[in-house]
Amino acid sequence: MTEQNAFIPLLLDWFAANKRDLPWRRAYDPYAVWVSEIMAQQTQMDRVVSYFNRFMELFPDIAALADAPEDAVLKAWEGLGYYSRARNLHAAAKRIMTAHGGVFPGELAAIRALPGIGDYTAGAVASIAFGRDAVAVDANVQRVLARACDIDVPVKEPAGKTRVMEIARALLPSSRAREYNEALMEFGALVCRPKNPDCAACPIAGACQAKHLGIVSDRPVLTKAKDITPLNVATGVLLHADRIFIQKRLAKGAWGNLWEFPGGRIEPGETPQAAVVREFREETAFATEVATKLAVIRHGYTTFRVTLHCFLLRLAGESNGNALPTPELTAAQQSRWVRPDELAGYAFPAGHRKLIDQFDGSLWL
DNA sequence: AATCCGTGGTC
DNA sequence: TGACCAAGGAT
């Protein structure tokens, strides 16, 4: 791919005139750039900004983040998904305090060695925050270069990934990596979009091979998407003596270290009501019964499409007055009986958060 | 290499 | 409505 680095200056000009006014672009402070890059993984910048601003208010610098309880960091991340990012961010802040004297490292290798930072993020922070000559190849860059240079192999597979990386490195204008990387990504997000790319307004259309060949919609070459699995799940809000039972999930697996209401898959032939009672018995050893059905919530996560049946539960049989029983936990690391107004302070998976926000304490007290 | 890990927006 | 997909990383 030696043909055209001719379009790079056009891209840099386009970026200078069209870049969005994002908060971390004010001073390009390494901590702010780092947080923004972690938050932006597998989502879009527009969705990140409000989280970013709140995060920086709560944890204004690396020391504040390192000193914060992990629960507080996860609460600030609630709704963003991929919560290992928040756990790794927190762990990395602690490591920067101990191993780097509280100063964010400026060398590519040192950045890459931090937990939660891979090739992309290391290149992004090194270039954007420190001006290093490093590439940052994300899905935008893959798409833009696949179209501009007509890459005919899937960019998500090793061969295509390597190809894009080589091109990106070859085109990198020395000492201008920040603008270069940001320009490629911003251009991919705003003009050279996955669907409906705005070729009519494209500043590099004249140099785009896919455009020239009339195959823009065939670039990048996509790999087949994974099948979506429907999932029926039951969960229960156990209310006793004006308290609600919640448990903290295990550190590993989905929603690690977040809080939740007990529940689980509805087995074939099983009613949602039976499932929630069974799950409560298995996860807590509590004997419960359904008081009312609260809601049916639909939401997706990774490759699943969940139908979440939500119930209000009470303890079955003689409940020993207002005493709050102690569970035998099998699927959680700890549990609490909390007042309904305290639910707002805990980080829940999105499906459970939807349930909480839907009732907001109005029904269960 | 393949799988896991969330969520919400878009068309 | 449902399939696709986004400033990825860890194992």
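Any read-out appearing in this document is the output of simple, stated calculations on the displayed coordinates, not a laboratory observation. Because the structure is predicted, anything quoted here is derived from the model rather than measured. Cβ coordinates were reconstructed from backbone atoms using ideal geometry, including for glycine residues, and neighbour counts include every protein chain displayed.
Which one is nearest to DNA strand B (Cβ to nearest atom), of the residues in the range A:190-234 that are polar (S, T, N, Q) and not in a loop (DSSP other than H, G, I, E, B)? The extreme case among them is A:Thr229. Does at least one position in the range A:293-315 carry a residue that is under 19 Å from A:Leu250 (Cα atoms), over 28 Å from the mean Cα position of the chain (by Cα) and surrounded by fewer than 16 Cβ atoms within 10 Å (Cβ to Cβ)? No. A:Val296 satisfies every condition listed in (1) more than 16 Å from DNA strand C (Cβ to nearest atom); (2) within 17 Å of A:Thr235 (Cβ to Cβ) except (1).
Can you pull out the residues in the range A:207-221 that are without any contact (Cβ under 8 Å) to a residue 40 or more places away in the chain and either away from DNA strand C (no atom under 11 Å from the Cβ) or surrounded by 14 or more Cβ atoms within 10 Å (Cβ to Cβ) (or both)? Talk me through it step by step, then tell me what you get.
Narrowing the range A:207-221 to residues without any contact (Cβ under 8 Å) to a residue 40 or more places away in the chain: A:212, A:214, A:217-218.
Of everything in the range A:207-221, those that are without any contact (Cβ under 8 Å) to a residue 40 or more places away in the chain and either away from DNA strand C (no atom under 11 Å from the Cβ) or surrounded by 14 or more Cβ atoms within 10 Å (Cβ to Cβ) (or both) turn out to be A:His212, A:Gly214, A:Asp218.
Counting the residues of the range A:222-279 that are of a type in the set (Lys, Arg) and either in contact with a Lys or Arg (Cβ under 8 Å, 6 or more places away or on another chain) or in contact (Cβ under 8 Å) with a residue 40 or more places away in the chain (or both) gives 4. Tallying residues that are within 19 Å of A:Tyr120 (Cα to Cα), out of contact with any Asp or Glu (no Cβ under 8 Å at 6 or more places or on another chain) and more than 11 Å from DNA strand C (Cβ to nearest atom) within the range A:13-33 yields 4. A search for C-beta distances below 7 Å between a residue of the range A:306-326 that is on the phi > 0 side of the Ramachandran plot and any residue that is among the hydrophobic types (A, V, I, L, M, F, W, C), counting only pairs 6+ apart in sequence or on different chains, returns A:Gly317/A:Ala287. Among residues of the range A:164-189 being within 16 Å of DNA strand B (Cβ to nearest atom) and in contact (Cβ under 8 Å) with a residue 40 or more places away in the chain, the one that is surrounded by the fewest Cβ atoms within 10 Å (Cβ to Cβ) is A:Ala189.
Return the total of residues in the range A:143-180 being of a type outside the set (Ser, Thr, Tyr) and within 26 Å of the chain's Cα centre (by Cα). First the steps, then the outcome.
Taking the range A:143-180 first, the residues of a type outside the set (Ser, Thr, Tyr) are A:143-161, A:163-173, A:176-179.
Cutting the leftovers down to within 26 Å of the chain's Cα centre (by Cα) gives us A:143-146, A:154-158, A:160-161, A:164-165, A:168, A:177-179.
So the count comes out to 17.
Counting only helices (runs of 4 or more DSSP H) that fall entirely inside the range A:18-101 and contain at least 2 residues that are more than 30 Å from A:Asp357 (Cα to Cα), the qualifying elements are A:30-40, A:62-67, A:84-99. The single residue among A:Ala136, A:Ala92, A:Ala99, A:Ala126 that is in contact with a Ser or Thr (Cβ under 7 Å, 6 or more places away or on another chain) and among the aliphatic types (A, V, I, L, M) turns out to be A:Ala136.
Each residue in the range A:102-119 was checked for being aliphatic (A, V, I, L, M), part of a loop (DSSP other than H, G, I, E, B) and crowded, with 18+ Cβ neighbours inside 10 Å, and 2 pass.
Select, from A:Gly116, A:Gly131, the only residue that is within 25 Å of A:Ala32 (Cβ to Cβ) and within 16 Å of DNA strand B (Cβ to nearest atom). Step through it out loud before you land on a result.
Details: A:Gly131 fails: within 16 Å of DNA strand B (Cβ to nearest atom).
One residue alone meets the criteria, A:Gly116.
Residue count for the range A:32-70 under the criterion of being touching a residue at least 40 places away in the same chain (Cβ under 8 Å) and within 16 Å of DNA strand B (Cβ to nearest atom): the result is 9.
Of everything in the range A:120-163 that's of a type in the set (Gly, Ala, Ser) and near DNA strand C (Cβ under 10 Å from one of its atoms), which residue is surrounded by the most Cβ atoms within 10 Å (Cβ to Cβ)? So that I can check it myself, show each step before the final result.
So the first thing to find is which residues in the range A:120-163 are of a type in the set (Gly, Ala, Ser), and the list is A:122-124, A:126-127, A:129, A:131, A:134, A:136, A:139, A:146, A:148, A:159-160.
Still in the list and also near DNA strand C (Cβ under 10 Å from one of its atoms): A:122-124, A:136, A:139.
On the way: A:Ala122: 22, A:Gly123: 26, A:Ala124: 28, A:Ala136: 25, A:Ala139: 16.
Restricting to residues being of a type in the set (Gly, Ala, Ser) and near DNA strand C (Cβ under 10 Å from one of its atoms), the top hit is A:Ala124.
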